[in-house]
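See below for the structure under consideration.
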Amino acid sequence: MNRYLHGTGSPQKNQMEVEKVARTITIPFSSDKFDQWRLHKVGGQISFNKAGRPIFQFKNAAQYHQYLELNIQRQNFMKMKGEVR
């Protein structure tokens, strides 16, 4: 099934673009500084969904898994910020 993304270009090129987009992973935006640090550290970005709301976006599953693995450093991050109770 070949579809044109914007009605221009070749079907083959647009199919590759669709497949490329399909690999991105998005999760809800977090205003937490540690979550934003993790996003930056793995090369993810803050984007906007179709409704205009901010989301975290990863280029692939490997970036997302690295983001999850960095969660083990949360306690150290909070200590550095003086937020541990």
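Here are the numbers:
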quantity	calculated
Residue-span extension gain [GLU69 to LYS81] - 0.36 nm each, minus C-alpha spacing	2.3 nm
Global form of the stretch 33-85, assessed from the alpha-carbon gyration tensor, a/c cut-off 1.5	oblate
Gain on full stretching of the segment that runs from ARG53 to ASP32 - 0.36 nm per residue minus C-alpha separation	6.0 nm
Other-chain or far-sequence residues with amide H under 5 Å of PHE29's (modelled H)	PHE56
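Read-outs throughout are calculated quantities, based only on the coordinates presented, and are distinct from any laboratory measurement. Remember, it's a predicted structure, so these values are computed and weren't measured experimentally.
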